[in-house]
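Peer 1: Dropping the structure in here first, questions after.
The values are calculated or read from the model by the stated rules, or taken from the named source; none is laboratory data. None of the values given here were measured: they were computed from a predicted structure. All Cβ positions, glycine included, derive from the backbone under ideal geometry; neighbour counts span all protein chains shown.
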Amino acid sequence: MIKKVVNRVNTIANEYVLFWLHVVGSIPSHHVRRFFYRLSGIKIGKGSTIHTGARFYQPLGIQIGKDSIVGEGVVLDGRGKLEIGDHVDIASEVMIYNSEHDINDAKFAPITQAVRVDDYVFIGPRAIILPGIVIGKGAVVGAGAVVTKDVKPFMVVGGVPAKEIGERKDQNPSYTLGRAAWFR
């Protein structure tokens with residue numbers, strides 16, 4: 001009984017934090033949002049930005065490297081470990097999940113698996129990354145793709161489910177993504 005009450009209180013506290021992060025996500029100042037995101041436990045590297053409207057599940061599990069951009073309306077799931085590397089460009093409305101339900105379990109139990117997005121990756125708008133995925137260095141995920149399997153370094157994938165459709169020519173990237181858009 002006590003365990004059940006403690007779990008319920010923890011769930012309510014987590015929902016409260018997520019609610020306030022949702023409110024913070026509407027503040028039109030990159031610096032203010034980043035301050036509160038870091039305060040909630042998200043690790044954000046130097047020069048990285050999270051644009052407005054981002055949604056989070058368990059911020060403590062989210063780590064973003066330096067000089068990375070997370071677009072508007074992105075969903076980042078930190079219920080398991082979510083590692084986003086350096087110089088990563090995640091476009092608008094991308095969803096990265098690391099927890100799902102076991103549809104074959106009688107209790108519909110959750111399954112949580114880490115997700116890793118390596119350096120210099122570009123993820124196009126409205127792509128979905130499922131639990132347990134590793135997206136290799138320099139890979140490109142096309143708009144609207146659903147990634148159900150690991151993506152090899154410098155591969156270009158697209159479709160539902162995502163399949164290899166090409167390969168990046170520059171396999172020694174060294175670019176920076178530039179300054180944060182302060183009011184986005």
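Peer 1: Say whether the condition of being surrounded by 14 or more Cβ atoms within 10 Å (Cβ to Cβ), touching a residue at least 12 places away in the same chain (Cβ under 8 Å), among the hydroxyl-bearing types (Ser, Thr, Tyr) and within 24 Å of Lys43 (Cα to Cα) is met by at least one residue in segment 119-126. First the steps, then the outcome.
Peer 2: Kept after step one, since they are surrounded by 14 or more Cβ atoms within 10 Å (Cβ to Cβ), are these residues of segment 119-126: 119-126.
If we keep only those that are touching a residue at least 12 places away in the same chain (Cβ under 8 Å) too, we end up with 119-126.
Restricting the remaining residues to those that are among the hydroxyl-bearing types (Ser, Thr, Tyr) gives 120.
Next cut, within 24 Å of Lys43 (Cα to Cα) only: 120.
Looking for residues that are surrounded by 14 or more Cβ atoms within 10 Å (Cβ to Cβ), touching a residue at least 12 places away in the same chain (Cβ under 8 Å), among the hydroxyl-bearing types (Ser, Thr, Tyr) and within 24 Å of Lys43 (Cα to Cα), one finds at least one in segment 119-126, hence yes.
Peer 1: Here is a list: Arg33, Arg116, Arg55. Which entry is within 11 Å of the chain's Cα centre (by Cα) and farther than 26 Å from Lys137 by Cβ?
Peer 2: Values: Arg33 fails: within 11 Å of the chain's Cα centre (by Cα); Arg116 fails: farther than 26 Å from Lys137 by Cβ.
Result of the check over Arg33, Arg116, Arg55: Arg55.
Peer 1: If you take the residues of segment 131-142 that are touching a strand residue (DSSP E or B) at 6+ places or on another chain (Cβ under 6 Å) and closer than 21 Å to Gly78 by Cβ, which of them is surrounded by the fewest Cβ atoms within 10 Å (Cβ to Cβ)?
Peer 2: Val134
Peer 1: Could you check segment 94-184 for strands (runs of 3 or more DSSP E) lying wholly inside it with 2 or more residues that are closer than 20 Å to Ile84 by Cα?
Peer 2: Output list reads 99-101, 115-117, 155-158.
Peer 1: Residues of segment 34-79 being among the polar types (S, T, N, Q) and under 24 Å from Gly124 (Cβ atoms), which ones? Show your work before the answer.
Peer 2: Keep residues of segment 34-79 that are among the polar types (S, T, N, Q), which gives 40, 48-49, 52, 58, 63, 68.
If the condition is that a residue be among the polar types (S, T, N, Q) and under 24 Å from Gly124 (Cβ atoms), then Ser48, Thr49, Thr52, Gln63, Ser68 are the ones that fit.
Peer 1: Where residues in segment 73-85 are charged (D, E, K, R) and either buried (at least 23 other Cβ atoms within 10 Å of the Cβ) or in contact with a Ser or Thr (Cβ under 7 Å, 6 or more places away or on another chain) (or both), which of them is modelled with the highest pLDDT? Talk me through it step by step, then tell me what you get.
Peer 2: In the first step, residues of segment 73-85 are kept if they are charged (D, E, K, R); the result is 77, 79, 81, 83.
Now restrict to residues that are either buried (at least 23 other Cβ atoms within 10 Å of the Cβ) or in contact with a Ser or Thr (Cβ under 7 Å, 6 or more places away or on another chain) (or both): 77, 79.
Working: Asp77: 96, Arg79: 93.
The qualifying residue modelled with the highest pLDDT is Asp77.
Peer 1: While we're here: Provide a single number: the residues in segment 155-184 that are over 22 Å from Ser48 (Cβ atoms) and among the hydroxyl-bearing types (Ser, Thr, Tyr).
Peer 2: 0
Peer 1: Looking at segment 151-175 only, could you name the residues that are within 18 Å of Pro125 (Cβ to Cβ) and under 22 Å from the mean Cα position of the chain (by Cα)?
Peer 2: Answer for segment 151-175, where residues must be within 18 Å of Pro125 (Cβ to Cβ) and under 22 Å from the mean Cα position of the chain (by Cα): Val151, Val156, Val157, Gly158, Gly159, Val160, Pro161, Ala162.
Peer 1: Closer than 25 Å to Glu167 by Cα and crowded, with 23+ Cβ neighbours inside 10 Å: is that true of Val70 in this structure?
Peer 2: Here the answer is yes, as Val70 does meet what is asked.
Peer 1: Follow-up question, since we're still on this one. Checking Pro173 against (1) touching a strand residue (DSSP E or B) at 6+ places or on another chain (Cβ under 8 Å); (2) in contact (Cβ under 8 Å) with a residue 60 or more places away in the chain, which test does it fail?
Peer 2: (1)
Conditions tested, residue by residue: (1) of a type in the set (Val, Ile, Thr); (2) surrounded by 12 or more Cβ atoms within 10 Å (Cβ to Cβ).
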site	(1), (2)
Gly144	no, yes
Phe154	no, yes
Val157	yes, yes
Ser174	no, no
Gly178	no, no
